[in-house]
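The values are calculated or read from the model by the stated rules, or taken from the named source; none is laboratory data. The shown structure was predicted, so the numbers you read here are calculated from the model rather than taken from an experiment. With ideal geometry, Cβ positions are generated from the backbone for all residues, glycine too; neighbour counts draw on all protein chains shown.
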Amino acid sequence: MAKFYDKATGITALVAEIRQRAVEKDEMAKAVVGHGEPFAYSGWTFVGRKSHITPLQALDVLGNSIGMTPPEMVFGENQLLLLHEASGVCISFMAVEALSCCHFKAGSDAQQLKVTMARVQSATSADEVKELEISYDWTYTSDYKGTLARVDDHGVANTTADAVRVVTTTERIDFEKLKVREDILWMEDVSLYEDELHDHGVSIYSVRIRVMPSGFYVLARYWMRLDNVVVRLNETRIHHVFGKDFLLREYTAKEVTFDTLFAAGHPNHMSNYTNIDTFQHLVPTKSSHFEKIYLH
């Protein structure tokens, strides 16, 4: 049995488990729920599946399935899933799908690889530089925004592009509303993958969620530090107000070189850049995208 989920298997498998369990029906269900136990509230079912690091043999299979050498630590069976029961609209976050987004886009791979190779060449042997001549970003930079699907009455997930209606929008997440103090009914933090970039930095993808009486908020974050070269921060935020027929999804890609940080007078030792939360305000936005996901 494969030790990882992808969009062809993961959503359907986890929904099947949800259907088999007795889900708490009380609208004010307790906030403390066992890891992996579904949490139902206001017409939604939430579940955070957390397991061990994918073992080596299964990791090889995983890598072959997506055409890359995977990161050192992949949590292939981890998954965060949000299911709107009435419409069947489902949002899921899985490691394999996040890694699938690390392949260079057509027309841009040659330039990106050339820049990456040039920046690390001084600290890397010739043989290691050759390893960078690949079709994916060796730092595992991912623009993954989650997997959308529609689950039918039999629990089977349709993940085709037109399964869920998504449109670009001028509407924005109300962060002032999110600052209002509310009870946290349920929360989870799920790791998808991590790598130390051949001891030259760190690359991490994780996703966390909190469910409040008014709605829920998801933050999926990829961040990468290539020592003395560059910092990247790609974040997907999803907010839903219970009772509305849509969710808002905002994606931002941020990047800054360490040369720029050092020139601005910021510390030049990598120990000052181990926690992205402490310096993310220094990383400028390169691009952003705002979407509305409909629940009908």
**Q.** Residue ranges of strands (runs of 3 or more DSSP E) in the stretch 1-94 with at least 3 members hydrophobic (A, V, I, L, M, F, W, C), crowded, with 16+ Cβ neighbours inside 10 Å and at pLDDT below 95
**A.** none
Q. Name the residues in the stretch 89-104 that are aromatic (F, W, Y) and touching a residue at least 60 places away in the same chain (Cβ under 8 Å), would you?
A. F93
Q | Meets criteria (surrounded by 21 or more Cβ atoms within 10 Å (Cβ to Cβ), out of contact with any helix residue (DSSP H, G or I) (no Cβ under 8 Å at 6 or more places or on another chain) and either of a type in the set (K, R) or closer than 29 Å to V47 by Cα (or both)) for M212 | A | no
Q) Taking the stretch 95-111 as the search range and keeping residues that are surrounded by fewer than 16 Cβ atoms within 10 Å (Cβ to Cβ) and of a type outside the set (D, E, K, R), which one is modelled with the highest pLDDT? A) A106
Q. On the given criteria, is V230 buried (at least 19 other Cβ atoms within 10 Å of the Cβ) and at pLDDT below 95?
A. yes
(Q) Which residue is farthest from G48 (Cα to Cα), if the candidates are limited to the stretch 144-203 and must be assigned to a loop (DSSP other than H, G, I, E, B) and polar (S, T, N, Q)? (A) T170
Q: Hey, can you tell me all the residues within the stretch 217-241 that are closer than 13 Å to L82 by Cα and more than 16 Å from the chain's Cα centre (by Cα)?
A: H240
**Q.** Criterion (of a type outside the set (K, R), farther than 19 Å from Y217 by Cβ, in the same structural domain as I91 (by TED's automatic domain parsing) and modelled with pLDDT under 95) met by exactly one of A126, A149, A161
**A.** A161
**Q.** Enumeration of residues in the stretch 277-295 that are polar (S, T, N, Q) and part of a strand (DSSP E or B)
**A.** T285, S287, S288
Q: Filter the stretch 226-276 for residues that are assigned to a strand (DSSP E or B) and polar (S, T, N, Q) and give the result.
A: N234, T236, T252, T257
Q: Can you confirm whether the stretch 192-204 contains a residue that is in contact (Cβ under 8 Å) with a residue 40 or more places away in the chain, in the same structural domain as G76 (by TED's automatic domain parsing), closer than 22 Å to P38 by Cβ and in contact with a Ser or Thr (Cβ under 7 Å, 6 or more places away or on another chain)?
A: yes
